[in-house]
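The values are calculated or read from the model by the stated rules, or taken from the named source; none is laboratory data. Nothing here was measured: the structure is a model prediction, and the numbers come from that model. Here the Cβ positions follow ideal geometry from the backbone for every residue, glycine too, while neighbour counts run over all protein chains shown. Surface accessibility is based on the protein's heavy atoms, side chains included, excluding ligands, DNA and RNA. Shrake-Rupley method; radii C 1.70, N 1.55, O 1.52, S 1.80 Å.
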Amino acid sequence: MASVHESLYFNPMMTNGVVQANIFGIKDWVTPYKIAVLALLYEMATTKSIALLDRRRLNKLILPLQQGPDLTFEQFLKTVKECCPRMVNAVKLRLFPMADSELQDMEHFFTILPNAFSDSEAFKTSVVGLFMRQMLLAYNKLSFSQVYKLFRSLQQYSHRGGRPQCDLSALTTEDMELTSNEDTSVDPMEKDELDMGALSGETRGPLSQKQAEYFLARQAYLLKNDENKAMKPAKLQDELNNILKFNPDFAEAHYLSYLNSMRVQDVYISTHSLLHYFDRLILSGGEGKSNGDEGYGRSLRYAVLNLATLHCRFGHYQQADLALQEAIRIAQEANDHVCLQHCLSWLYTLEQMKGSDSVVLTEDSVKMAAHFCLPYLASLGIQSLVQQGALQGMPANKLLDALRGTDIMHWKQSLSELIDISLAQTASIWRMSVSPITMARQQAQLLLNMNSLEPVNFGVQQNNTEPFAIALCHLAELHAEQGFYGAVTDIVKHLKQQFPPHTQHAKLWMLCDLKIQFEKAMNDGKYHLAEPHVTAISALNATEGLYRVMLATADLHWDSSGFATALPLLLQALALARQHNLQSLESETVLHLAFTQLMLGVPEQALALVQDVLECVLAHGSVLDKARALLLAARCQAALAATAPEEHRLPVELCVETLGEAALYFSQLNCKQRLREVYYLQARLHHSLGNVSERNKSALLFRLLNQELPQSASAAVPLL
């Protein structure tokens, strides 16, 4: 089932995907890289014969080039070449003569630059026009010596691929102020540190305000939606340290450092960064300017609440409980109902993590959230109740009705996170109940093919969240049930890449992979390979491991011909499956009971049990489940045909027909061990009917498989 814990994490840095940054001390200035971007814009405006697709790709590239950090000349050309190879030559022809000639050529370029856009309305209103006017203004404010230094930097940049920025070591503090297109208020100590860093050559210069905002917004979005496309943790931390070096009070950089540290489970740095974020947020006055003391108090309340969520993530339940109680106390003093609802949501989440019953708390949270018109928290509480109800065995129809009641509101308000959780929970409910597998597959595919509903995105979907991991695990299990193990391998491989072992949701695909390997080993009769998987499954999911331990122990009793001793274990497993409303596992356990009764010499009761679940298995079960059920039914029919009185005896032809259907399913899975048993029974039945040719055919197939496979240690082959 999809968890709802992740959606409760308070992310004050993201508002519709845009970083709410503080006033950054360093403004935009002209650099060689930005001259290269201006050259690209000039060539795009003056070149009319660009293919439509190439122009579209270039248009999409312009904004990241403007807002992103400066690139080296090689990186810049490579990026442009991926969109339009022809434009690379045009940019080179524009920049190289400028750098190889004299200073007046660069001056001429800035003179003719506005002419290419003079008749364009976009030059006055678009982001591109704003960028060009800012660069022209910054260039016109430069002194002659500063222009000369910029020209020398352009020569180094274009010829040697030097640092993608102006030579900050060559500019004095006064030069830096004049280069900016706005007045700056950088602390003198920070300016000295900036100059010393440039002189040492060990660190690159600071990002401008817009570059820093864009960088933080993009990385925060990728960490949330597609972590693999974000920068590696070590590299991202280096970039954040560089930003914080020039502006230690940049609060949002501390918050991104907190998110980055959570990726690698670093308790110390994540706690340190989170506390620094709220310290800087309060000191900067960003909250207090509009709300006075209330803004200051609000930051303190959410600081304590976020500290509680941090301890929950790392399993520090006692510290989390203390932090939550503190947040509740502060929120009550300030009469902040919204913060109190967040605290109550985390309170029942904490109780769930500790394994306690939190239904009453969750119901109270839903009622209070609805009372204060907080639909997000109310829906989140309902989804938590659905999850708890599913684990407690509530009927599937009631769970689906509860989810359906909130889905309309989710779509109206474009709550993409809650939509994802709802789809994942719906797929899980269909998987748990005996229902057409197409329903579970449909819900999983719908989730995987959904586009992001967020207003701002960076070209990725939300595919590293828990609902996506659950949907992929469902698809892997569905393919395994149909015998498509090649597709299963590809899905699991993708899961390992998308959710590395150190990430929060990695245990989902680990459990899925272990279950598939366990089932495959049991189906192939390799019980020595299946036993270690049971231990690993129990470590990840105690209930799942307990159920499979019961079935595996029953198999061991079968191997030792202790069929009577297997009955209590199977009855216990059946009660466990019925308690949690796991109908598919219930059918599987009933088939185990039927096989045990057949071995104990009561084929009538065994056949009755098989017939009770046969229709359901054939309609909704996996290929292997269908084959095993038909084989067991044929064995029961054959036993009754041999031992029942004449008036109650079943026709032998019915057994042969049932075995033929079972052989087709086993052939799809290439399950040779089961096929060997089917061919043996077919040969015996054809012999009793006098069908010599069919008997010889089945006997030959049995002999070939018997020579290929090792001899079974027991006379009776177990059902699993």
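How many residues does region 109-152 hold that are assigned to a helix (DSSP H, G or I), modelled with pLDDT of 85 or more and among the charged types (D, E, K, R)?
Counting residues in region 109-152 that are assigned to a helix (DSSP H, G or I), modelled with pLDDT of 85 or more and among the charged types (D, E, K, R) gives 2.
Name every residue in region 638-658 that is modelled with pLDDT of 85 or more and either open to solvent by less than 20 Å² (accessible area, probe 1.4 Å) or farther than 24 Å from residue 698 by Cβ (or both), in order of residue number.
Matches in region 638-658: 655, 658.
Considering 437, 429, 421, 470, which residue is at pLDDT below 80 and under 29 Å from residue 585 (Cβ atoms)?
437
Going by the structure shown, is residue 382 of a type in the set (Val, Ile, Thr), out of contact with any Phe, Trp or Tyr (no Cβ under 9 Å at 6 or more places or on another chain) and open to solvent by 60 Å² or more (accessible area, probe 1.4 Å)?
It is false that residue 382 is of a type in the set (Val, Ile, Thr), out of contact with any Phe, Trp or Tyr (no Cβ under 9 Å at 6 or more places or on another chain) and open to solvent by 60 Å² or more (accessible area, probe 1.4 Å).
Restricting to region 444-462, name every residue that is modelled with pLDDT under 70 and either hydrophobic (A, V, I, L, M, F, W, C) or out of contact with any Phe, Trp or Tyr (no Cβ under 9 Å at 6 or more places or on another chain) (or both).
451, 452, 453, 455, 456, 458, 459, 460, listed by residue number.
Within region 671-694, which residues are in contact (Cβ under 8 Å) with a residue 60 or more places away in the chain and either over 14 Å from residue 625 (Cα atoms) or open to solvent by 60 Å² or more (accessible area, probe 1.4 Å) (or both)?
673 - this is the single residue of region 671-694 that is in contact (Cβ under 8 Å) with a residue 60 or more places away in the chain and either over 14 Å from residue 625 (Cα atoms) or open to solvent by 60 Å² or more (accessible area, probe 1.4 Å) (or both).
List the helices (runs of 4 or more DSSP H) that sit entirely inside region 213-292 and contain at least 1 residues that are out of contact with any strand residue (DSSP E or B) (no Cβ under 9 Å at 6 or more places or on another chain), modelled with pLDDT under 90 and within 20 Å of residue 304 (Cβ to Cβ).
Filter on region 213-292 gives 251-263, 267-284, 288-291.
Test residue 400 against the stated conditions and say whether it is hydrophobic (A, V, I, L, M, F, W, C), surrounded by fewer than 20 Cβ atoms within 10 Å (Cβ to Cβ) and under 19 Å from residue 472 (Cβ atoms).
no
Tell me yes or no: at least one residue of region 314-329 is in contact with a Lys or Arg (Cβ under 8 Å, 6 or more places away or on another chain) and either open to solvent by less than 30 Å² (accessible area, probe 1.4 Å) or in contact (Cβ under 8 Å) with a residue 60 or more places away in the chain (or both).
Within region 314-329 (the criterion being in contact with a Lys or Arg (Cβ under 8 Å, 6 or more places away or on another chain) and either open to solvent by less than 30 Å² (accessible area, probe 1.4 Å) or in contact (Cβ under 8 Å) with a residue 60 or more places away in the chain (or both)), the answer is yes, since at least one residue qualifies.
What about residue 342, is it open to solvent by 20 Å² or more (accessible area, probe 1.4 Å) and either without any contact (Cβ under 8 Å) to a residue 24 or more places away in the chain or part of a helix (DSSP H, G or I) (or both)?
In short, yes.
Looking only at region 65-74, filter to residues that are part of a helix (DSSP H, G or I) and touching a residue at least 60 places away in the same chain (Cβ under 8 Å); which one of those is surrounded by the fewest Cβ atoms within 10 Å (Cβ to Cβ)?
Across region 65-74, the extreme among qualifying residues is 74.
Filter region 370-394 down to the residues that are closer than 18 Å to residue 349 by Cβ and either of a type in the set (Asp, Glu) or not in a helix (DSSP H, G or I) (or both) and list them by number.
Listed by number, the residues that qualify are 374, 392.
Which one of the conditions (1) touching a helix residue (DSSP H, G or I) at 6+ places or on another chain (Cβ under 7 Å); (2) over 20 Å from residue 467 (Cβ atoms); (3) assigned to a helix (DSSP H, G or I) does residue 397 fail to meet, given that it meets all the rest?
Residue 397 satisfies every listed condition except (1).
Of the residues that make up region 106-118, is at least one over 23 Å from residue 151 (Cβ atoms) and not polar (S, T, N, Q)?
yes
Does residue 518 satisfy the condition of being over 30 Å from residue 266 (Cβ atoms) and open to solvent by 70 Å² or more (accessible area, probe 1.4 Å)?
No: the conditions fail for residue 518.
Suppose we filter region 492-510 for residues that are part of a helix (DSSP H, G or I), in contact (Cβ under 8 Å) with a residue 12 or more places away in the chain and open to solvent by 30 Å² or more (accessible area, probe 1.4 Å); how many remain?
6
Conditions first: (1) hydrophobic (A, V, I, L, M, F, W, C); (2) open to solvent by 50 Å² or more (accessible area, probe 1.4 Å); (3) closer than 19 Å to residue 445 by Cα. Residue 394 passes all but one, so which condition is the exception?
(3)
Name the single residue that is surrounded by the fewest Cβ atoms within 10 Å (Cβ to Cβ) among those in region 579-607 being outside any helix (DSSP H, G or I), touching a residue at least 12 places away in the same chain (Cβ under 8 Å) and of a type in the set (A, V, I, L, M).
Applying the filter and picking the extreme gives 600.
Are there any pairs with C-beta distances below 9 angstrom linking a residue in region 403-418 that is over 18 Å from residue 385 (Cβ atoms) to a residue that is of a type outside the set (Ser, Thr, Tyr) and modelled with pLDDT of 85 or more, with the two at least 6 apart or on different chains, and if so which?
411/419; 413/375; 416/410
Pick from region 45-59 the residues that are closer than 14 Å to residue 80 by Cα and part of a helix (DSSP H, G or I): which of them is most open to solvent (accessible area, probe 1.4 Å)?
This residue is 56.
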